[in-house]
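Only one structure is covered here, and it is reproduced in the block below.
Where a number appears in this text, it was derived from the coordinates with a stated rule and is not lab data. Since the model is a prediction, treat every value here as computed from it, not as a measurement. Cβ coordinates were reconstructed from backbone atoms using ideal geometry, including for glycine residues, and neighbour counts include every protein chain displayed.
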Amino acid sequence: MIRNLAAQFYTYLSRIKSPSRNFLVSNKPKDELTIEEDAERKIGWLLKFFFAGTAVFVGSQFFPYMGDNLVQQSISLLQVKDPFFKRTGASRLTSFAVNDEKRMKVVELGGAQELVSMLEAAADEKTQVAALKALAALSQSDEAVGALHHAGAVSVIKATPDSLEEAEIKNYKSSLLKRFQELRYDS
């Protein structure tokens, strides 16, 4: 029975003309085809403009979150009680502090003081590592090291306990304290 149905289906399919042939041949006059093609082309351009306009609108909504506003938001994350958000803010500041101008922007917006406060209040090692990493990124600028010194970073870094599990804590502490010594801020 299944063989009979399959054979009937196969013969039915062989009798059907190719659908592409049916669509290529049209009984419409040439003028109507050009009008339809012109309309399709205009609709295509309309859709392209719509998508481009949407992309511009969405981009304009996201670009204000870059630059100074991004730094300010990252510093605001350091003030939240949740350690995950603090680590996120510190990570953002680490990524942002790539040259002296940007490092000083972080300092001007209060990031140095907030990072020191974050390190001082850090309860877990991951948060300490994130804070120390951000402080190390800021310490690449001499002016930022001075601001960190005025924020009390030397005593807070010295008071941060070393960890057996996190060797990064010891590495960041020693590099930061060495940097403070180089610039005579170790007292």
Principal axis dimensions, largest first and in whole angstrom, of the range 95-187 by Cα: 35, 25, 19
Contour excess over end-to-end distance, with Cα ends at residue 108 and residue 164 and 0.36 nm allotted per residue: 16.7 nm
Under 12 Å from residue 178, Cα to Cα: aspartates and glutamates that are on another chain or at least 8 residues apart: 186
Label-point separation, residue 124 to residue 177 (7 Å along Cα→Cβ), nm: 2.6 nm
Computed label-point distance, nm, for sites residue 54 and residue 41 using a 7 Å Cα→Cβ extension: 2.5 nm
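Using packing as a proxy for protection, rank 96-108, 134-146, 34-46, 70-82 so that the peptide with the highest average count of other Cβ atoms within 10 Å comes first. Numbers along the way, then the final one.
Details: 96-108: 17.8, 134-146: 20.7, 34-46: 10.3, 70-82: 16.2.
By packing density, highest mean first, the sequence is 134-146, 96-108, 70-82, 34-46.
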